[in-house]
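**Student:** Shown below is the structure under consideration.
What follows is calculated from the coordinates using simple rules that are stated; it is not laboratory data. Just so it is clear, the model here is predicted, and its values are computed rather than measured. Glycine gets a Cβ as well: all are built from the backbone with ideal geometry, and neighbour counts include every protein chain shown.
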Amino acid sequence: MSVDIANNLKNIRDQIESSRVESLMASENVSLIAVSKTKPVEDVLSAYEAGHRVFGENKVQEAQKKFKDIGPKRDAIELHLIGPLQTNKAKEAVETFDVIQTVDRPKLVNALSKEIKKQGKSPELYIQVNTGEEPQKAGVLPSGLKDLIALCHEQNLRITGLMCIPPVDEEPSLHFSFLSKLAKENGLPNLSMGMSSDFDLAVRFGATHVRVGSGIFGTRDYSNLG
Ligand SMILES: *Cc1c(COP(=O)(O)O)cnc(C)c1O
């Protein structure tokens, strides 16, 4: 029953590489973000022992605790926030993450900007785009993207990429190619897209970062999380 994290990592890296070499649109380098949300620190350590250094979490407090618990190894890790961020958690988010992928509104840009200056840090920021224009989903609408990027530039923030989560019932490739086009138009080099079920497709459309959770750590159990 136990999950072989090292073996899963190897298989996914191999699949990324084979998708990459098959597509002219693929990025030269694809970073695999191991999404460890709901999983214990022991799983992060297993991935670390297998040589993995890039992780993603969707909740600020959970990440704060987990990545404090791994001690000095934290310094070698690149930690991404991939879940929605409330402005009142901007301080903790800037303290905890190297990359914040879910910037999606002016109020959040302003809150992050204030904390980044106060803490003297310079996390990389990506803008989350609601490519499917779903009312319940986080992310800026495509029509609002240019203005949000301009605001980030005004505040001298390190805005380097875009991320999206396609609607569950739509063909993801349409959203991946759309996000890729938006990134090009806006001169942003990083593209975070693709999860366990579709990371290989995302790689074909130029993803520089894929976010894989269950494919590495096994299915998630939310029942014991209080
Ligand atoms: C949980 C999560 C993932 C990983 O999902 P899997 O299907 O387990 O690979 C990727 N991106 C975001 C934003 C997530 O919240």
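**Student:** On full extension of the chain, what length is gained from S197 through E170, given 0.36 nm per residue of separation minus the C-alpha to C-alpha distance?
**Tutor:** Taking S197 through E170 to full extension adds about 8.4 nm, to one decimal.
**Student:** Subtract the Cα-Cα distance of S122 and S23 from 0.36 nm times their separation in residues, and report this length gain in nm to one decimal.
**Tutor:** 32.3 nm
**Student:** While we're here: Between A183, A76, A207, find the one with the highest GNM mean-square fluctuation for the chain; connect C-alpha pairs within less than 10 Å.
**Tutor:** A76
**Student:** Further question on the same structure: To the nearest 20 debye, what is the magnitude of the charge dipole of region 5-217 about its Cα centre, counting +1 on the Cβ of each Lys and Arg and -1 on the Cβ of each Asp and Glu?
**Tutor:** 760
**Student:** For N88 and D4, what is the calculated FRET efficiency with R₀ set at 45 Å and r taken between the beta-carbons, to the nearest 0.05?
**Tutor:** Once the sixth-power term is evaluated, E becomes 0.70.
**Student:** Using 0.36 nm per residue, how much length does the chain from R74 to Q61 gain when fully extended, once their Cα-Cα distance is taken away?
**Tutor:** Value of the extension gain: 3.1 nm.
**Student:** Of I12, I216, I165, how do they rank once you tally other Cβ atoms within 10 Å and put the fewest first?
**Tutor:** I12, I165, I216
**Student:** Which one, I5, Q155, S143, is farthest towards the positive end of the dipole of region 5-217 when Lys and Arg carry +1 and Asp and Glu -1 on their Cβ?
**Tutor:** Farthest towards the positive end: Q155.
**Student:** 5 Å is the cut-off here: which amide hydrogens, built 1.01 Å from N in the peptide plane, fall below it relative to N58, excluding neighbours closer than 5 in sequence?
**Tutor:** K37, I82
**Student:** While we're looking at this one, here's another question. Taking H placed 1.01 Å from N in the peptide plane, check which residues at least 5 places from S31 or on another chain put their amide H under 5 Å from its amide H.
**Tutor:** HN-HN under 5 Å from S31: H209, V210.
**Student:** So what are the ³J(HN,Hα) numbers for region 193-204, from phi and the Karplus equation (6.51, -1.76, 1.60; θ = phi - 60°), rounded to whole Hz, Gly and Pro as x?
**Tutor:** Values per residue, Gly and Pro as x: 7, x, 10, 3, 7, 9, 5, 5, 5, 4, 4, 4 Hz.
**Student:** GluC sites (Glu not before Pro), restricted to region 11-119: which are DSSP loop and have at most 12 other Cβ atoms within 10 Å?
**Tutor:** Listed in order of number, the matching sites are E28.
**Student:** At 7 Å along Cα-to-Cβ for each site, give me the label-to-label distance between R13 and E95 in nm.
**Tutor:** With each label placed 7 Å out from Cα toward Cβ, I get 3.3 nm.
**Student:** While we're on this one: What's the magnitude of the charge dipole for region 97-161 around its Cα centre, counting Lys and Arg as +1 and Asp and Glu as -1 at the beta-carbon? Answer in Debye, nearest 20.
**Tutor:** Approximately 300 debye in magnitude.
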